[in-house]
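Enquirer: Please find one structure pasted underneath; my questions will follow.
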Amino acid sequence: MPRLFWKLFLALWLSIMTFAIVVSWINQVIIQSNATEEPAVYDEHLQRLNAKLAQDLKAGGERKLKRTLKALPPGLHNHVFVMDPRGKELLGRDAVLKKIKSTRVKVVTTQLDDTSGQVYLLVTTGRRPPRALLAPGAEGVGMRLGVAAIISALVSLLLARYLAAPLGLLSRASRQLATGDLSVRVGAPLDRRRDEFGQLAQDLDEMAARLQLLQQANQRLLRDVSHELRSPLARLRVALEIARNKDQSRVVDELDRIELESERLEHLVDEVLSLLRESSGAQDLKLSCFDLTDLLQDLVETVNYEISDGCEPIKLQLQPPLLLEADRELLWRVFENLLRNALIHSGAADGIRVVAEQADGKQIRVSVSDSGQGIDETHIDRIFEPFYRVDEARNRGSGGHGLGLAIAASAVRRHGGRISASNRPEGGLEVQVLLPLKQKSGA
């Protein structure tokens, strides 16, 4: 059961039990002290008891006297004492008697003689009046109810504060989120609690942080898309203006430029749509079981066919089998993006290497490395963000829009994998992809 349930249960139960214990204790004290007994009745009991003790001492001696003392009712037990001829209390209650005498209550001493003439002293003490809180009657009852009310009010106040304070913080934070303030955080001390309130505060802060990141990403995406669309549209406008002012025989060149910019614009729109599809997960993965070895061999063969003569082909190093249960077409696009990105930013005579192997028996590791300039360490963690490009190493002259790696990263994450990039010690960039290995049936 939730911890908050037990906290509420224990708080209420302890409150009720405390009240019940206090009432029971008060009643027990009143019963044991016979507070309701009238003084005249109490004195009459003592007189009868004195006569009986004297009779028992003569009839049965000290042994019978002890039995009578032990059989006294609780209301009289610590008010009647018998001292032997040596001055010791018969039941060993010397300390109790001494304490009673120190309270200045009435003490009466009576001499008892046994058949042999030895003298015993019978000591009887008066009854102390009960405190006002323990007294019978309307006043005592009122005071006891007042104490119980104060205890219950204190426990209820603490419980109400314990519940109302965090709810107030959560309510204020949720209202701020509703107004669009995504920077709000519940924070300490509520997020350090170990109950449901603490978990809810952490979840609310995490939700606000993710919403803020999504909002920033959307704003950046809109800004970058607007910028990327503005450039080809501006070039189209310039090409059209030039075409109007030129001879008809030279219009063909400008129409070719217009067609090229249109194709670039269409390619950009396709990439943006692909990124949106991958990041939103709108389309289900078309899972199938296949060997990644075959996919990489086909892909490298296709890309090598497009490499110009004189350039070093892509090197492939495999450790089969590499069984996957994944969307084959989607992974084809992932590794094609990585290869084409490496081709763009690697020197013409430099090689590209693809290595695929089992990492730890549970994952497949695929690394795509080039021999280009690499990326500054301050930017390397951001190359998988949409439209992010490092001008020094990945400039706009390459023709890309900074979406290929973002699309690849989103597709890898949808498969439950991870993607990362690092600079190689000998130069160039290495992109590493980890994908979960399909376990053999019965494993």
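The values are calculated or read from the model by the stated rules, or taken from the named source; none is laboratory data. Being a predicted model, the structure only gives us computed values, none of them experimental. Neighbour counts run over all protein chains shown; Cβ positions are idealised from the backbone, glycine included.
Enquirer: State yes or no: is residue 160 at pLDDT below 75, in a helix (DSSP H, G or I) and over 30 Å from residue 217 (Cα atoms)?
Expert: For residue 160, the condition - at pLDDT below 75, in a helix (DSSP H, G or I) and over 30 Å from residue 217 (Cα atoms) - is met.
Enquirer: I've got another one for you. Could you look through the range 351-364, keep only residues that are loosely packed, with under 15 Cβ neighbours inside 10 Å and in a loop (DSSP other than H, G, I, E, B), and pick out the one that is nearest to the chain's Cα centre (by Cα)?
Expert: 362
Enquirer: Quick check: anything in the range 304-320 part of a helix (DSSP H, G or I) and surrounded by 15 or more Cβ atoms within 10 Å (Cβ to Cβ)?
Expert: Yes, the conditions are met somewhere in the range 304-320.
Enquirer: While we're on this one: Six or more apart or on different chains, Cβ atoms under 6 Å: show the pairs whose first residue is in the range 81-98 and not assigned by TED's automatic domain parsing to the domain that holds residue 53 and modelled with pLDDT of 85 or more and whose second is among the polar types (S, T, N, Q) and crowded, with 16+ Cβ neighbours inside 10 Å.
Expert: none
Enquirer: Would you please name the residue that is surrounded by the most Cβ atoms within 10 Å (Cβ to Cβ), looking only at residues in the range 365-376 that are touching a Lys or Arg at 6+ places or on another chain (Cβ under 9 Å) and not in a loop (DSSP other than H, G, I, E, B)?
Expert: Per the criteria, the residue is 368.
Enquirer: List the pairs whose first member sits in the range 140-167 and is of a type in the set (D, E, K, R), whose second member is at pLDDT below 75 and surrounded by 12 or more Cβ atoms within 10 Å (Cβ to Cβ), and whose Cβ atoms are under 7 Å apart, counting only residues at least 6 apart or on separate chains?
Expert: Filtered contacts from the range 140-167: 144/26; 144/133.
Enquirer: Where residues in the range 231-245 are basic (Lys, Arg) and surrounded by fewer than 14 Cβ atoms within 10 Å (Cβ to Cβ), which of them is modelled with the lowest pLDDT?
Expert: The residue in question is 244.
Enquirer: Another question, then. Name the single residue that is nearest to residue 352 (Cα to Cα) among those in the range 288-303 being free of Cβ contacts under 8 Å to residues at least 60 places away in the same chain, part of a strand (DSSP E or B) and not charged (D, E, K, R).
Expert: 290
Enquirer: Sort through 68, 124 and tell me the only one that's part of a helix (DSSP H, G or I), modelled with pLDDT of 80 or more and β-branched (Val, Ile, Thr).
Expert: Sole residue among the options that is part of a helix (DSSP H, G or I), modelled with pLDDT of 80 or more and β-branched (Val, Ile, Thr): 68.
Enquirer: Out of the range 171-199, which residues are surrounded by fewer than 16 Cβ atoms within 10 Å (Cβ to Cβ), of a type in the set (A, V, I, L, M, F, W, C) and over 22 Å from residue 214 (Cα atoms)?
Expert: Once the filter is applied, which keeps residues that are surrounded by fewer than 16 Cβ atoms within 10 Å (Cβ to Cβ), of a type in the set (A, V, I, L, M, F, W, C) and over 22 Å from residue 214 (Cα atoms), the range 171-199 yields only 188.
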